[in-house]
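What follows is a set of notes on a single structure, which appears directly below.
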Amino acid sequence: MKNKRSFSEKLPLILAFVLPILIMLGVFAGKEIFPFGKNCFLRTDLYHQYIAFFEDLGDRLRQGKSLLYAFDIGLGSNYTALFAYYLSSPLHFLAVLVPTEYMIEFITILVVLKIGLCGWTMAWYLSKRFNTRHMGIAFCGICYALSGYLAAYNWNIMWLDVLWLSIIAIYGLEKLVKENRPFLYCVAMALSILCNYYIAIMLCIFMVLYFINQLIVTPRLGIKGLLIRSGNFFLFSLIAGMIAAILVIPCAYALMGTASADTSFPKTVTNYFTIIDMLARHLVVVNVEIGLDHWPNIYSGVMVFLLIPLYYMNKKINFREKIANTMLLGFMLLSFNTNMLNYIWHGFHYPNSLPCRQSFLYTFMVMVMCFEGIRHLELISKQLLTRVLWGAVAAILVAEVITNSDEIPYYACYASIAFIGLYSLFIYLRKAGKIQRGTAVALCLCLLILEMGLNTAVTSVTIVNREEFMRYNDSIDELTAIAQEGKIFTRIERQSLRTKNDGVYFGYNSASIFSSTANAAITDFYKKTGMEGNTNAYSITGATPFMNAFLGIEYKLSDYRLPISPLYELVETAPERRGGVTFLYHNLYTLPLGYLIPDDVHEAWRPTTSSPVRSQNSYANLAANVDNIFETVAANINGAVMTATVPKAGHYFVYVASSSVKKVEASVNGQNTKTWDSINRNYLVDYGYVEEGDELKLVAQDVTSMTANLYYLNPDVFIEAVTRLSENPFVIDEFTDESFKTQIKGHVDALQDSHLVFSIPLEKGWSISVDGKPAEITALADAFVGVLVPAGHHEVVLRYVPEGLATGILVSLLGLGVFLILLALYLLFFRKKHPENESRPEEDNAVNKNDPVDAARAGRERMALMHQFDEEERLRDQGRLPVISFTEEGNAVARFVSPAERQKDAELLSLEDSPENTAAETPEAAAETLEAAAKKPETEPEAAEAAEAAEAATEKPEADPEVPEESSETPQA
């Protein structure tokens with residue numbers, strides 16, 4: 001029967017969970033984040049991606065929409081892959097319960113909760129590994145939860161689950177090695193991969209390294225034990241991957257079609273910065289790196305400058321463990337700084353910003369080593385503490401001189417010295433008997449809260465105005481409902497995008513996307529036809545009326561009134577929350593989702609990035625048999641400035657051919673200046689509809705010259721082209737968008753052999769049947785779905801099932817079945833053969849360390865002793881429990897010891913750090929140590945191990961100093 005834990009035993013774990021949450025809430029309140037003010041916590045991809053994806057997930061779950069394919073993003077996208085990459089944490093399914101109005105707050109709560117879980121699991125791991133409830137586990141948990149990694153990436157909600165699950169997996173790996181119990185490891189790894197397979201890639205790499213580390217530090221495994229552990233590690237790692245295959249395999253297939261898949265292994269080795277520059281990022285209030293530089297975010301509290309040296313000075317820690325941990329930390333630091341290792345860690349490609357995404361594992365290792373320093377602080381003398389303090393101060397001052405002041409500002413150095421000095425002062429006062437242990441702990445804890453809160457407030461949690469972000473929610477919802485009324489399928493876009501995922505956020509079928517699962521073929525097509533394309537994004541920016549028609553964009557939302565044009569008409573307006581008006585326009589000339597073109601166009605048309613306008617003209621020539629839609633207009637270019645006078649009213653566009661130009665400003669008659677960023681992404685500058693005689697001006701920024709061309713869209717040719725292409729449309733009869741079914745049924749009438757093309761991105765998950773028979777997909781421009789049809793009437797059905805989904809389901813079921821069978825065999829046979837709780841004769845209580853069951857039993861017994869020692873130590877500190885000692889005649893004597901006397905005892909114990917006491921103990925001295933241990937309990941729960949170590953020293957001679965003797969204190973799982 002388990003003993004009920006006291007509140008003091010639970011307190012460290014409670015603090016490790018609650019304090020990071022309270023610190024984050026305090027930072028939110030200071031920055032007036034809702035409900036404390038009118039701001040909201042949106043940063044980087046949380047602003048551009050995650051908020052939209054969460055709202056879409058909630059809508060899909062509530063409305064029963066497809067979880068396989070999404071038409072509301074990027075013309076259409078593999079939703080299973082997007083879900084696996086961004087949304088697969090089980091906690092995210094709670095979005096179904098959250099109204100759209102409060103989705104930002106839901107995400108914020110999840111972020112804070114996951115940060116708390118990071119602190120709790122770190123403290124839980126330390127308590128399990130070291131069999132202790134020392135208050136130091138709370139310190140380490142708080143430092144992990146509010147580390148530099150979390151300061152940089154706390155907004156990246158999709159990664160955070162792996163940060164706390166990884167610690168459980170690491171503990172499971174230790175149980176696999178030390179006790180030959182692999183099941184916790186397997187479950188935790190499977191959950192990590194399912195929650196976010198991308199960060200789990202880095203966890204898998206680390207697990208291989210940590211497995212080697214544990215084989216080194218775990219003594220007496222033998223060849224047989226080594227082979228068994230290695231086999232179990234391989235087998236249960238494989239099973240964990242199999243269980244997660246339901247998401248991993250479809251996502252892997254989808255990523256093969258993205259721009260990220262087109263990478264190559266670096267051919268030369270390069271490094272990014274010096275070791276001093278890198279280690280200096282342990283200082284407080286150093287700005288986090290989320291851009292394209294490679295700096296790791298490794299801050300984890302400035303106490304590391306004290307505790308890591310104490311870790312290495314601690315003779316109680318196994319020498320092999322120190323060497324193994326140092327090698328692992330060194331390799332991770334090298335990985336941050338070396339291009340090839342950086343490439344491997346990030347799934348064999350370079351990250352697009354957000355560097356060193358595996359650095360949370362480095363922080364974990366640092367926290368484990370720091371706790372080893374914390375738990376033995378009582379044995380450190382005041383003199384040694386002072387020397388370590390001055391060494392830390394000197395190292396920081398050297399870093400200030402050597403490092404780049406832009407990366408490591410002077411105030412970070414001095415603030416770190418101040419915090420280290422205060423920590424050392426509180427510890428010193430405790431050792432000098434000036435303050436009680438509880439007081440010292442409370443002071444250090446308050447200082448830690450101040451430090452971590454300051455670092456988080458300064459380096460993290462950027463904000464936007466909540467009302468401004470949500471100002472268009474009502475107006476766009478109203479207008480999109482009008483546009484979609486009575487239609488089976490339609491596409492809508494905004495004239496000026498806030499983000500490329502506006503369609504997902506507002507709930508309409510769009511043609512833009514920003515996602516790591518973006519289709520590379522569509523990105524390439526957009527760039528070739530004058531629209532914005534990037535590594536993991538493409539958007540409607542730069543689209544001409546002809547490309548709007550090509551993509552089937554029937555409606556356009558605008559935050560301002562557009563000039564009158566014969567190509568569109570105003571449908572409706574709606575007021576937005578901050579007093580403005582949103583306008584809905586209908587594009588009068590658009591193509592249906594599918595239409596017929598001559599059957600040889602798909603072979604003849606090859607759009608090119610060198611001339612997007614020529615690509616559009618050639619398609620009109622080949623598909624609609626019309627003249628050029630765009631005409632070149634004369635313009636004057638003087639250096640980096642282009643000017644022109646409009647010869648006749650109409651729509652005008654500029655193509656900047658100079659790749660060095662990244663930013664331009666366009667104006668009409670010197671007014672309405674608009675800035676176009678990232679123009680090197682090959683999109684056209686849209687002047688809109690201008691009148692005859694208007695003066696157009698384009699100024700390139702940060703360059704001295706440019707090459708650019710001005711084009712006029714001929715409305716008559718454009719209307720003729722769209723009319724001809726719309727003569728034989730694909731008529732949608734049934735559009736199915738259900739949870740696990742995406743299907744489009746329709747018909748088309750072909751006057752001759754033709755190519756039926758759809759404005760649907762080409763993916764291998766699509767299949768087409770014509771008149772009930774499977775048909776081969778014939779792509780247009782290697783980007784869009786199409787099929788060749790003969791003359792006549794045809795019933796056409798398009799179905800979508802993500803590539804690899806069926807395989808993934810089968811592999812996951814197989815992996816889960818194997819896991820359950822192995823677990824059942826273990827419970828039926830191994831546990832039956834080695835019952836853990838049956839009574840044992842007194843003579844059988846000796847521990848066989850090679851037997852995993854005996855080792856586990858011994859661990860539980862030590863845990864019970866630890867609870868007893870902790871309570872006794874607390875009572876003795878208060879002078880409420882007598883100390884038992886023995887006279888020379890062997891008589892037991894009980895006496896009460898005051899706190900002041902106990903402090904003197906601690907100071908006497910600290911003298912063992914002096915030079916005259918650093919020599920190895922003789923057997924006689926060890927015997928005296930054993931006797932002293934029997935008279936007086938240790939201040940740490942490891943008293944029993946200390947006594948065992950002294951007994952061992954009396955039984956065998958001193959070890960050869962060249963071959964360090966294994967510590968009697970085996971690391972506990």
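The values are calculated or read from the model by the stated rules, or taken from the named source; none is laboratory data. Remember, predicted model here, so these are calculated numbers, not experimental data. No Cβ is skipped: glycine too gets one built from the backbone with ideal geometry, and neighbour counts run over all protein chains shown. Side chains are part of the model used for accessible areas, which takes the heavy atoms of the whole protein and leaves out ligands, DNA and RNA. Shrake-Rupley method; radii C 1.70, N 1.55, O 1.52, S 1.80 Å.
Of the residues in segment 70-109, how many are acidic (Asp, Glu) and within 23 Å of the chain's Cα centre (by Cα)?
Qualifying residue count for the region: 1.
Of a type in the set (Val, Ile, Thr), open to solvent by 20 Å² or more (accessible area, probe 1.4 Å), modelled with pLDDT of 95 or more and over 29 Å from Asn39 (Cα atoms): is that true of Ile435 in this structure?
no
Of all residues in segment 381-408, how many are open to solvent by 20 Å² or more (accessible area, probe 1.4 Å) and outside any helix (DSSP H, G or I)?
4
Considering only segment 333-347, state which residues are touching a residue at least 24 places away in the same chain (Cβ under 8 Å) and in contact with a helix residue (DSSP H, G or I) (Cβ under 9 Å, 6 or more places away or on another chain). Before the answer, list the steps.
Start the filter on segment 333-347 by keeping residues that are touching a residue at least 24 places away in the same chain (Cβ under 8 Å), which leaves 333, 336-340, 342-347.
Hits for segment 333-347 are Leu333, Phe336, Asn337, Asn342, Ile344, Trp345, His346, Gly347.
What residue, among those in segment 211-263 that are more than 19 Å from Leu191 (Cβ to Cβ) and of a type in the set (S, T, N, Q), is nearest to the chain's Cα centre (by Cα)?
So the residue we want is Ser260.
Taking the stated definitions as given, is Ala511 within 25 Å of the chain's Cα centre (by Cα), among the small types (Gly, Ala, Ser) and either open to solvent by less than 10 Å² (accessible area, probe 1.4 Å) or over 25 Å from Asp737 (Cβ atoms) (or both)?
No.
Let's see how each residue does on (1) farther than 24 Å from Lys114 by Cα; (2) open to solvent by 60 Å² or more (accessible area, probe 1.4 Å); (3) modelled with pLDDT under 95:
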{"residue": "Phe234", "(1), (2), (3)": "yes, yes, no"}
{"residue": "Gly257", "(1), (2), (3)": "yes, no, yes"}
{"residue": "Thr263", "(1), (2), (3)": "yes, yes, yes"}
{"residue": "Val269", "(1), (2), (3)": "yes, yes, yes"}
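Could you list all residues from segment 562-595 that are of a type in the set (A, V, I, L, M) and either under 20 Å from Ile476 (Cβ atoms) or open to solvent by 20 Å² or more (accessible area, probe 1.4 Å) (or both)?
Leu562, Ile564, Leu570, Val571, Ala574, Val581, Leu584, Leu588
Can you spot a residue in segment 409-418 that is open to solvent by less than 20 Å² (accessible area, probe 1.4 Å), in a loop (DSSP other than H, G, I, E, B) and under 30 Å from Met278 (Cβ atoms)?
The answer is yes, given that some residue of segment 409-418 is open to solvent by less than 20 Å² (accessible area, probe 1.4 Å), in a loop (DSSP other than H, G, I, E, B) and under 30 Å from Met278 (Cβ atoms).
For segment 658-679, name all the residues that are open to solvent by 50 Å² or more (accessible area, probe 1.4 Å), touching a residue at least 24 places away in the same chain (Cβ under 8 Å) and either among the acidic types (Asp, Glu) or more than 27 Å from Asn587 (Cα to Cα) (or both). Break it down stepwise before answering.
The initial filter retains those residues of segment 658-679 that are open to solvent by 50 Å² or more (accessible area, probe 1.4 Å), namely 659-660, 662-663, 665, 669-675, 677.
Among the residues that remain, those that are also touching a residue at least 24 places away in the same chain (Cβ under 8 Å) are: 660, 662-663, 665, 669-670.
Correct list: Ser660, Lys662, Lys663, Glu665, Gly670.
Considering each residue of segment 51-91, count those that are polar (S, T, N, Q) and part of a helix (DSSP H, G or I), and give that number.
Looking only at that region, the number is 2.
Determine which single condition Ala644 fails, assuming it passes every other condition in (1) under 30 Å from Ala604 (Cα atoms); (2) surrounded by 14 or more Cβ atoms within 10 Å (Cβ to Cβ).
(1)
For a quick check of your reading of the model, give me the residue pairs whose first member lies in segment 353-365 and is over 18 Å from Ser516 (Cα atoms), whose second is assigned to a loop (DSSP other than H, G, I, E, B) and of a type in the set (A, V, I, L, M, F, W, C), with beta-carbon atoms closer than 7 Å and at least 6 apart or on different chains.
So the pair list comes out as Ser359/Ile298; Tyr362/Ile298; Thr363/Ile298.
Just for segment 541-560: of the residues that are aromatic (Phe, Trp, Tyr) and not in a helix (DSSP H, G or I), which one is surrounded by the most Cβ atoms within 10 Å (Cβ to Cβ)?
Residues of segment 541-560 aromatic (Phe, Trp, Tyr): 546, 550, 555, 560.
Applying the additional criterion that residues be not in a helix (DSSP H, G or I) yields 555, 560.
Values: Tyr555: 23, Tyr560: 11.
Among those residues, the one meeting the criterion is Tyr555.
Rundown of residues vs (1) over 22 Å from Tyr153 (Cα atoms); (2) of a type outside the set (D, E, K, R); (3) in contact with a helix residue (DSSP H, G or I) (Cβ under 8 Å, 6 or more places away or on another chain), yes/no style:
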residue: Ser353; (1), (2), (3): no, yes, no
residue: Leu397; (1), (2), (3): yes, yes, yes
residue: Thr403; (1), (2), (3): yes, yes, yes
residue: Tyr411; (1), (2), (3): yes, yes, no
residue: Tyr414; (1), (2), (3): yes, yes, no
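Only one of these is under 37 Å from the mean Cα position of the chain (by Cα) and within 19 Å of Asn638 (Cβ to Cβ): Val699, Val685, Val668. Name it.
Exactly one of Val699, Val685, Val668 is under 37 Å from the mean Cα position of the chain (by Cα) and within 19 Å of Asn638 (Cβ to Cβ), namely Val685.
Is one or more of the residues making up segment 390-409 among the aliphatic types (A, V, I, L, M) and under 29 Å from the mean Cα position of the chain (by Cα)?
Within segment 390-409, one or more residues are among the aliphatic types (A, V, I, L, M) and under 29 Å from the mean Cα position of the chain (by Cα).
Given the residues Leu798, Leu788, Leu813, which is the only one that is part of a strand (DSSP E or B), at pLDDT 95 or above and open to solvent by 30 Å² or more (accessible area, probe 1.4 Å)?
Just one listed residue meets the conditions, Leu788.
Tally time: how many residues in segment 484-506 are buried (at least 21 other Cβ atoms within 10 Å of the Cβ) and touching a residue at least 60 places away in the same chain (Cβ under 8 Å)?
Within segment 484-506, residues that are buried (at least 21 other Cβ atoms within 10 Å of the Cβ) and touching a residue at least 60 places away in the same chain (Cβ under 8 Å) number 10.
Restricting to segment 597-631, count the residues that are within 26 Å of Ala750 (Cα to Cα), open to solvent by 20 Å² or more (accessible area, probe 1.4 Å), not in a helix (DSSP H, G or I) and not acidic (Asp, Glu).
Residues flagged as within 26 Å of Ala750 (Cα to Cα), open to solvent by 20 Å² or more (accessible area, probe 1.4 Å), not in a helix (DSSP H, G or I) and not acidic (Asp, Glu) within segment 597-631 amount to 4.
Among Ile290, Ile246, which is the only one that is more than 30 Å from Val441 (Cα to Cα), open to solvent by 60 Å² or more (accessible area, probe 1.4 Å) and either in a loop (DSSP other than H, G, I, E, B) or of a type in the set (A, V, I, L, M) (or both)?
The unique qualifying residue is Ile246.
Which of the residues belonging to segment 305-331 are closer than 20 Å to Leu146 by Cβ and open to solvent by less than 10 Å² (accessible area, probe 1.4 Å)? Steps first, please.
Start the filter on segment 305-331 by keeping residues that are closer than 20 Å to Leu146 by Cβ, which leaves 305-308.
Listed by number, the residues that qualify are Leu306, Leu307.
Would you confirm whether any residue within segment 151-170 is modelled with pLDDT of 95 or more, out of contact with any helix residue (DSSP H, G or I) (no Cβ under 7 Å at 6 or more places or on another chain), part of a helix (DSSP H, G or I) and closer than 24 Å to Leu454 by Cα?
Checking segment 151-170: at least one residue is modelled with pLDDT of 95 or more, out of contact with any helix residue (DSSP H, G or I) (no Cβ under 7 Å at 6 or more places or on another chain), part of a helix (DSSP H, G or I) and closer than 24 Å to Leu454 by Cα.
Search segment 381-394 for residues that are polar (S, T, N, Q) and pair each with any residue that is in a helix (DSSP H, G or I) when their beta-carbon atoms are under 6 Å apart and the residues are at least 6 apart or on different chains.
Pairs found: Ser381/Ser910; Ser381/Asp913.
Do you know which residues across segment 711-758 are among the hydrophobic types (A, V, I, L, M, F, W, C), outside any strand (DSSP E or B), open to solvent by 40 Å² or more (accessible area, probe 1.4 Å) and touching a residue at least 60 places away in the same chain (Cβ under 8 Å)?
Answer for segment 711-758, where residues must be among the hydrophobic types (A, V, I, L, M, F, W, C), outside any strand (DSSP E or B), open to solvent by 40 Å² or more (accessible area, probe 1.4 Å) and touching a residue at least 60 places away in the same chain (Cβ under 8 Å): Ile719, Phe740.
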